[in-house]
Amino acid sequence: MNAHAHPAPDATSTPQTPDTSADLAGTSAVVLGAAGGVGRACAARLAASGARVVAVDRDPAVRDLPGVTAVVGDATDPDLAGRAFDACAARPAVLVHALLAEARAPLSDLTARQWREVLDLGLVSAWQWGAELVRRCGGPASLVLIGSVHAHGAAPGMAPYAVAKAGLTALARAAAAEWGPAGVRCNVLEPGFVAVDRNAHRWRDPAERRRILAAYPLGRLCAPEEIAEVAAFLAGPRSSYVNGVSIPVDGGALAVLPETNVPEPAAGPSTSPFAPDRKAP
């Protein structure tokens, strides 16, 4: 699950101040993977929207998140969903699934156990918890699945993760078709590279950071709070007719044609090939 997140320092990053209107007042939201990273930011943002948040993670640090009800356990435990929804102080109307697992190995070297572990946590649990939400919500509800741009392109050694994230898109479509008539919406939010503690070894390394920035047209890192803003939109009534779709939140990375030549960035203030030419006249 996600590690604790600290926003990456970036002079060009200016996330908007969260809208603290009570979009979700009178309801409960269950957030999976809430101990850190994107999940923690989502839990805080939904609480700011008035939701009574139940924050779930196997990391006991989830208890440190202020203003929430913490539930510690493994999301693949069949009994944990019942415990979490029983902890809701109001009608459950939102579920955010921000879980991930990885098995980094060449495709031909992966084991069946590695595949099952990644898919159980990253995909199957989304269906299990979503079904529990449908059984409990008693009215309109929103399921927000945190996917990834890895659903659209492969990176060597990360096949199970990519398959799990791509599967969330198919799950959202199936849920839209079957749960939509009950007023339950299901959508996927697909982040690009987000600066959190679990990948800090990359964005804190100057050379690696320049390489990452060069791949993103906005030319800066994404903070987890920026992902949480979109999650809050999908969770609340302002997206009431959005159902069964996947929304990239990637700074424009997927908008770039794959054959685009991205050169090895040189050190300096402007490293992105997408940045305007700032040479002196």
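All of the numbers you see were taken from the coordinates with simple rules; none came from a lab. What you are looking at is a predicted structure, and each value in this text was computed from that prediction instead of being measured. FYI the Cβ positions are ideal-geometry reconstructions off the backbone, even for glycines, and counts take in every protein chain you see.
Shape class for the range 154-252, computed from the alpha carbon gyration tensor (a ≥ b ≥ c): prolate, with a/c not under 1.5 and a/b above b/c. Projecting the Cα positions of Val230, Phe193, Leu168 onto the charge dipole of the range 144-251 (unit charges on Cβ atoms of Lys, Arg, Asp and Glu, taken about the Cα centre) puts Phe193 furthest along the positive direction. Here the dipole of the range 18-162 is about 220 debye; that uses its Cα centre as origin and unit charges on the Cβ of Lys and Arg (positive) and Asp and Glu (negative). The Cα center of the range 68-96 and the Cα center of the range 113-171 differ in position by 17 Å. Set against the 2.2 N^0.38 Å expectation for a compact globular protein, the range 63-134 has a Cα radius of gyration ratio of 1.32.
Computed over the range 98-142, the percent of Cα pairs more than 18 Å apart is 43.
If you take all other residues with their beta carbon under 14 Å from the beta carbon of Gly157, and give Lys and Arg +1 and Asp and Glu -1, the sum is -1. For the range 173-180, putting each phi into the Karplus relation 6.51 cos²θ - 1.76 cosθ + 1.60 with θ = phi - 60° gives couplings of 5, 5, 5, 4, 5, 8, 9, x Hz, in residue order, rounded to whole numbers and with x for Gly and Pro. Rounded, prolate or oblate for the range 193-245? Axes are the square roots of the Cα gyration tensor eigenvalues, ordered a ≥ b ≥ c, and the cut-off for rounded is a/c under 1.5. Prolate.
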